[in-house]
Structure formats: C-alpha cells, structure tokens
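Data block below; observations after.
The values are calculated or read from the model by the stated rules, or taken from the named source; none is laboratory data. Quantities reported herein were computed from a predicted structural model and do not represent experimental measurements. With ideal geometry, Cβ positions are generated from the backbone for all residues, glycine too; neighbour counts draw on all protein chains shown.
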Amino acid sequence: MTTTRTALLRAPGFRLLFAGQAVSVVGDRLVMVAMPFAVLTVPGAGLGDVGLVLGSSALTLGLFVLVGGVWADRLPRHLTMLGSDVVRGAAQAVAATLLLTGTASVASLVACNLVYGAAEAFFRPALLGLVPQVVDPDQRQAANALLSLASNSAMVLGPVVAGLLVAVTGPGTALGVDACSFGVSAVTLAFLRPRLVVRETAPASFLAELAGGWREVRSRTWVWSTILFFCAYCGLVLPGVFVLGPSYAQAHRGGAGAWGVISAGFGVGAVLGSLLALRWRPSRPGAVLAGALSLGGLQAAILVTPLPTAVVALLEAGTGVGVALAFSLWDTLLQERVPPEAQSRVSSFDFLGSLTLMPLGLVVVGPVAERFGDVRTGVGATVLTVSVGVAVALSRDVRGMRRTDVVPQQATEPAAVPSPLPA
C-alpha cells in the first residue's frame, strides 16, 4: 500500500486535487470555530443569531444539493468545483471585509452564508465523482483515505489555529484566510485535466436525470440502506454530540476544557481511521462498513457516561476510527459500483438525507433532553442508530459484498471538450 500511496502523490492529477483540498479544508475548519465569534461581534447579536447564521448555509446546501448532483454529472466535475470555489471564496471575502471594517450585520452574514451554502451544494457531489477520473481503479480507496486524512488532520489543528487568529486579530481574519484557501483550490482545479466520463446516452431533461439518479439509489439495497444509517447518524447521534456533549461536560466534567480533550480524542481517532483506510482493503467491505458505522453510532452514549474524561476521550477516539474508516469505504464503494455518469447524483441523495435531518435533530434534542435527561437521550440516540447499523449489516446485499465482485465500470477517455448539453 505504501507503493500505491507514493504513486498517488506522484500522479499530477491527484497531486493537484489533494493539494488544493488540503489547503481548503484547513480554511473550512477555521470558519467552524470563528463564525460563532464573528456573529457575536455584531452589536446586539446573541446566540439565536449565531444559530440563524450557521443554519442559513445548511438551508441552501440542503435545498440545492440535488441540483448540484445533476449538474455535476452533466458538466465537467472539476469545472463545477472550480465555480463553487470561486463563489464560496467571494462570499467569505465579502463577510471578512464586513467584519474587518466593522460594518457587518446579522442580515449581511446570513446573506453571505446563503450564497456559500448554495455553492457548496455543487461542490460535494462533484468531488466524489471526480476522484475516479484522476486515479486508477486500484487507487480509489487510498485516494479517498488521503483526502479524508487531510480533512481529519485539519479537524485537529484547525481549532487551535482558529483560536489564535480570533484572539489576536479577530474572526474576520479567519474568514479572510478561508477565502484565500478557496482561491488556492480553484487554481489547482483550473490546471487539472481529468479523464472524461463516457456517457452511453446524451443528457436528458433535469427531472429525468434526477429520476435516473433516484433509480440508481433504490435499485441497490446496500446504497439506500446505508443512506438510512447516515440519516440516523446525522439526525440522532451528531445532535447528541454537539448539544449533549458540551452540556454534560459543563455539568459533570468541569466545563470546556474537558470537552476540548474529548473532541481532540475523536479527531485523533479520525486521523487514525484514515490511516487505516489507507493501508487496509478489506475482502468483505460491506461487513466492515456496517461494523464501522455501528461503532461510530456509539458516540452519543459514550459522551453521557460517568467515566473519567480521559477514558471518554479514548473511547471517542475509537468511534473516530470507525467514522473515518466508514466514510472512506463508502465513497470507494460508490465509485466502484455505481456507473461513473451517475455517481454525483447518487452522492447528492446521501447528502440530502444527512443535511435535512441534522438541523431538525439539533432543534429537537434539547427539549427531549430536558424532558428525559441527558443520559437517556444520548443512550436512546445511540440505541436507535446502532439498531439501524445492525439491520444494514444483516442485509444480504451488504453481508454478501466482496472486494472481488466489483463490476467493471464504464471506461473513460482522456480529457476533451464535453458534449453540448440539450437545449
């Protein structure tokens, strides 16, 4: 596997993609920490306004992700991603300028985030479909693992850098750095020359293409059942992590310091999970995927157990390994077993379920915890989610999946001018 990793980083196409994304995800991690502080610098803004600004990007991301999936399967994916980078970079640059000049308002930050989320909806589905166009078939999992490693490493380092930037120069600087990171990603994509996906038929109408993507999802039990798990994970477990984790740490573990240690534990585990995915290609990927998903589903229950903080951090590291391994395997399986011309649309349905249910879960988990308590709510979220994971594992389609039964995908050609879209 070392040979595969070295070959990937020497390959011009993947090297460009990896370099751009490694820089871009650092900027993303900075904003995750800096944006709440950015909102609170606006005169009169409160916690409700923080939620409004953060939720606005999630709203447009969810609204447009299916549109993004269709167009990512129609247009050259690297150019779709480049356009997304340009728009997101411009949105962050405007927000940074407003903050640095002291003219930002809650409404202006919401507007920037609405634009940002809509543009991101085109980027995410395109990235999954682009990877097979720049690497060889036997390099897909390693490529996904390396991209995941960059993202998870940024998850560990980003909050530290963001904290320093916010403390020394203010949150506007962090948003400015993120805007520049999109510029770096856009430049690398401009020089990328991926292989062209060969389509057997010309693109149909938008609705017909969308329906075709849904047929690809529902015709594969392992796809729609795994998407159901991600819906449960994002709608139940992650709200428990983001709301109950800090709340329980504040009440029983001494506050933010303990929560920082636990969060760092998960981040370190995620890095280790990416390294594992880089080296290990399981012969039964479906069974490993289901097991890794179920391991990740334990997060919410672990956070509300009366164990020492160090033990909880160690256990959360274990769940981080499972989550990172599952995501790398999931992306690889989609790239191997879904036709290349439909991969972005299938990915967009995955994102839709996750993005729709997470905001709802964040709204509901607080009142549920007030009614039943943190412990029951966290354990309940884990039990429900892991039950879905077990059902996925027991599915014949998942249980019987083998590495050797991959159906050869449609061939690709060297990059060329794409066929015109229908009028």
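Of everything in region 198-249 that's under 26 Å from the mean Cα position of the chain (by Cα) and assigned to a loop (DSSP other than H, G, I, E, B), which residue is surrounded by the most Cβ atoms within 10 Å (Cβ to Cβ)?
That would be R220.
Output the residues belonging to region 250-259 that are in a helix (DSSP H, G or I), touching a residue at least 40 places away in the same chain (Cβ under 8 Å) and either farther than 14 Å from G373 by Cα or of a type in the set (V, I, T) (or both).
A258
Which one is farthest from A119 (Cα to Cα) among residues in region 152-192 that are at pLDDT 90 or above and of a type in the set (S, T, N, Q)?
T173
Please give the number of the condition T173 fails out of (1) outside the structural domain of A34 (by TED's automatic domain parsing); (2) more than 21 Å from the chain's Cα centre (by Cα); (3) of a type in the set (S, T, N, Q).
(1)
In contact with an Asp or Glu (Cβ under 8 Å, 6 or more places away or on another chain) and within 23 Å of S344 (Cβ to Cβ): does that describe L207?
When the stated conditions are applied, L207 does not pass them.
Please enumerate the residues belonging to region 165-197 that are part of a loop (DSSP other than H, G, I, E, B) and without any contact (Cβ under 8 Å) to a residue 40 or more places away in the chain.
T169
Considering only region 346-363, state which residues are of a type in the set (V, I, T) and at pLDDT below 85.
Once the filter is applied, which keeps residues that are of a type in the set (V, I, T) and at pLDDT below 85, region 346-363 yields T356, V363.
So, in region 322-349, of the ones that are among the aromatic types (F, W, Y) and touching a Gly at 6+ places or on another chain (Cβ under 9 Å), which residue ends up nearest to R74 (Cα to Cα)?
So the residue we want is F349.
Is it the case that A143 is surrounded by 18 or more Cβ atoms within 10 Å (Cβ to Cβ) and either in the same structural domain as Q92 (by TED's automatic domain parsing) or acidic (D, E) (or both)?
Spelling it out, it is not the case that A143 is surrounded by 18 or more Cβ atoms within 10 Å (Cβ to Cβ) and either in the same structural domain as Q92 (by TED's automatic domain parsing) or acidic (D, E) (or both).
Every residue in region 133-144 that is among the hydrophobic types (A, V, I, L, M, F, W, C), assigned to a helix (DSSP H, G or I) and in contact with a Gly (Cβ under 9 Å, 6 or more places away or on another chain), please.
Result: V134, single match.
Is region 318-338 home to any residue that is at pLDDT 95 or above and over 27 Å from V135 (Cα atoms)?
Checked against the condition, which is being at pLDDT 95 or above and over 27 Å from V135 (Cα atoms), region 318-338 yields at least one hit.
Do we find a residue being closer than 29 Å to G212 by Cα and of a type in the set (D, E) anywhere in region 330-339?
Taking every residue of region 330-339 in turn, at least one turns out to be closer than 29 Å to G212 by Cα and of a type in the set (D, E).
Any residue in region 52-78 that is under 22 Å from L360 (Cα atoms) sitting within a Cβ distance under 7 Å of a residue that is surrounded by fewer than 21 Cβ atoms within 10 Å (Cβ to Cβ) and of a type in the set (V, I, T)? List the pairs, counting only those 6 or more apart or interchain.
Once the first residue is under 22 Å from L360 (Cα atoms) and sits in region 52-78, its partners that are surrounded by fewer than 21 Cβ atoms within 10 Å (Cβ to Cβ) and of a type in the set (V, I, T) give L52/V106; L52/V110; V53/V106; V53/V110; S56/V110; G62/T356.
Take Q133 and decide whether it is in contact with a helix residue (DSSP H, G or I) (Cβ under 6 Å, 6 or more places away or on another chain) and of a type in the set (S, T, N, Q).
no
Within the set of pairs 6 or more residues apart or between chains, which connect a residue that is assigned to a helix (DSSP H, G or I) inside region 291-302 to a residue that is among the aromatic types (F, W, Y) and buried (at least 24 other Cβ atoms within 10 Å of the Cβ) with Cβ atoms less than 7 Å apart?
Hits for this filter: L293/F229; G296/Y233.
Return the residues of region 362-397 that are in contact with a Gly (Cβ under 6 Å, 6 or more places away or on another chain) and among the small types (G, A, S); say none if nothing qualifies.
Result: G378, A381, G389.
Would you mind finding the one in T332, T319 that is under 19 Å from R399 (Cβ atoms), in a helix (DSSP H, G or I) and either within 19 Å of the chain's Cα centre (by Cα) or not small (G, A, S) (or both)?
Exactly one residue qualifies, and that residue is T332.
With respect to the numbered conditions (1) crowded, with 21+ Cβ neighbours inside 10 Å; (2) closer than 18 Å to Y233 by Cβ, which one is the sole condition not fulfilled by V338?
V338 satisfies all of (1) crowded, with 21+ Cβ neighbours inside 10 Å; (2) closer than 18 Å to Y233 by Cβ except (2).
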